[in-house]
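Written out below as structure tokens is the structure these notes cover.
The values are calculated or read from the model by the stated rules, or taken from the named source; none is laboratory data. As the structure is a computational prediction, the values presented were derived from the model and not from experiment. With ideal geometry, Cβ positions are generated from the backbone for all residues, glycine too; neighbour counts draw on all protein chains shown.
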Amino acid sequence: MKRAHLLHNPGAGEKDFSKNELMELIGKAGFDCTYSSVKKENWDKFEDEIDFIVIAGGDGTVRRTAKALLKRKVLDKQFPLALLPHGTANNVAGTLNISGTVDEIIPTWHKSIIKKFDVGKIGGLPDNMFFLEAFGFGIFPKLMKVMDKMEEDEQESREDKIKMARAVLYDVVLSYRPRTCKIIADGEDHTGKYIMVEIMNTRSMGPNLELSPQSDPGDGEFEVVLIPENHHKKFEEYLLNLINGKEDHYSFTTLKAKNVQVFWDGKDLHADDQTIKIDKPVEVNIQVRPGLLEFLVSDPEN
């Protein structure tokens, strides 16, 4: 019998499963399972004898787990990650095509395959940092700052939260001033004025905005998604159509690169769901670190 260790974020999702419910479902599916709440101390001290880690939570919990694994990777074995998406956006799970109810997902682990997942290494900042989803400048750090000041309504559905965040982003875009950005992607210069520069590893980010639908997080490359000054109005229209449920085929300017140097004329940036404030603009160096993480995903041939 395979051994799993469940990492659970009890506060994630609108209709979260309890510890007992999750443990019962995993046990009934034929897995031996131990448990940690990510709200408790020493949650990341799981035993080396386990076969894989189950993450019941959102993108933030996935990031916390990845950070713990990357710290111990050099000395210890690596553990595949199985996701039970419980968050609002679940961008990592969406990119890996992991969807369905908890009791639908759990039995698939018996026939899952390993999917390698790249990690973005960020250099040039005071602290060593990484990202799983995206690292960028412009409108998204601004959106995060606005959202952090708003009170969250626990009664709102996942869909309502996403729609509200998109509406706030639309307001941000309306008043945002394009900034000069020096971009060198694998040696090629793409310097210009932009309202957004995002180095993407997943297909979507933020409030489920699918900025890079062709992204493969295990291909050893990033997708650098750009919204230049002359696309400002087009992006406004795209967001408005998205909010109103209308189809829009706006095409994002996208570059593929393994190494990116960026100098943004501003002090706000983000790595995944974390905002970063710097005292003055600095040149940031982003490198792809191929396949540092492993996820359990459904075999497309089954």
Original post:
Under the condition of being among the β-branched types (Val, Ile, Thr) and farther than 18 Å from Gly94 by Cα, which residue from segment 277-299 is surrounded by the most Cβ atoms within 10 Å (Cβ to Cβ)?
Top reply: Ile286
**OP:** Looking for whichever is among the aliphatic types (A, V, I, L, M), touching a residue at least 40 places away in the same chain (Cβ under 8 Å), assigned to a loop (DSSP other than H, G, I, E, B) and closer than 24 Å to Ala271 by Cα here; the options are Ala89, Ala66. Which one fits?
**Re:** Ala89
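Residue by residue, here is whether (1) assigned to a strand (DSSP E or B); (2) out of contact with any Gly (no Cβ under 7 Å at 6 or more places or on another chain); (3) assigned by TED's automatic domain parsing to the domain that holds Leu96 holds:
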position: Lys193; (1), (2), (3): yes, yes, no
position: Ser215; (1), (2), (3): no, yes, no
position: Thr275; (1), (2), (3): yes, yes, no
position: Asp279; (1), (2), (3): no, yes, no
position: Ile286; (1), (2), (3): yes, no, no
Original post:
Out of all the residues in segment 195-213, which are touching a residue at least 60 places away in the same chain (Cβ under 8 Å) and either part of a strand (DSSP E or B) or outside the structural domain of Asp171 (by TED's automatic domain parsing) (or both)?
Top reply: Met196, Val197, Glu198, Ile199, Met200, Met205
**OP:** For segment 247-254, indicate whether the set of residues that are surrounded by fewer than 17 Cβ atoms within 10 Å (Cβ to Cβ) and either modelled with pLDDT of 95 or more or not assigned by TED's automatic domain parsing to the domain that holds Asp272 (or both) is non-empty.
**Re:** no
**OP:** Please enumerate the residues belonging to segment 259-276 that are over 25 Å from Met147 (Cα atoms) and surrounded by 16 or more Cβ atoms within 10 Å (Cβ to Cβ).
**Re:** Val260, Gln261, Val262, Phe263
**OP:** Specify which of the listed residues (Thr108, Thr180) is under 24 Å from Val62 (Cα atoms) and either touching a Leu at 6+ places or on another chain (Cβ under 9 Å) or not in a helix (DSSP H, G or I) (or both).
**Re:** Thr108
Original post:
Which ones in segment 92-105 are part of a helix (DSSP H, G or I) and closer than 19 Å to Asn208 by Cα?
Top reply: Val92, Ala93, Gly94, Thr95
Original post:
Of the residues Lys277, Lys258, which single one is basic (Lys, Arg), in contact with a strand residue (DSSP E or B) (Cβ under 8 Å, 6 or more places away or on another chain) and touching a residue at least 40 places away in the same chain (Cβ under 8 Å)?
Top reply: Lys258
**OP:** For Lys115, state whether it is loosely packed, with under 15 Cβ neighbours inside 10 Å and either without any contact (Cβ under 8 Å) to a residue 24 or more places away in the chain or of a type outside the set (A, V, I, L, M, F, W, C) (or both).
**Re:** no
Subject >> Residue check, Val225 farther than 21 Å from Leu292 by Cβ, among the hydrophobic types (A, V, I, L, M, F, W, C) and in contact with an Asp or Glu (Cβ under 6 Å, 6 or more places away or on another chain) >> reply: yes
**OP:** From Gly138, Gly206, grab the single residue that is of a type outside the set (A, V, I, L, M, F, W, C) and closer than 23 Å to Phe295 by Cβ.
**Re:** Gly206
Subject >> Unmet requirement for Leu25, which otherwise passes all of (1) crowded, with 20+ Cβ neighbours inside 10 Å; (2) among the aliphatic types (A, V, I, L, M); (3) at pLDDT 95 or above >> reply: (1)
**OP:** Hey, could you check segment 208-239 for residues that are within 21 Å of Met144 (Cβ to Cβ) and surrounded by fewer than 17 Cβ atoms within 10 Å (Cβ to Cβ) and say which is farthest from the chain's Cα centre (by Cα)?
**Re:** Glu236
**OP:** Being part of a helix (DSSP H, G or I) and not acidic (Asp, Glu) narrows it down to one of Gly60, Gly11, so name that one.
**Re:** Gly60
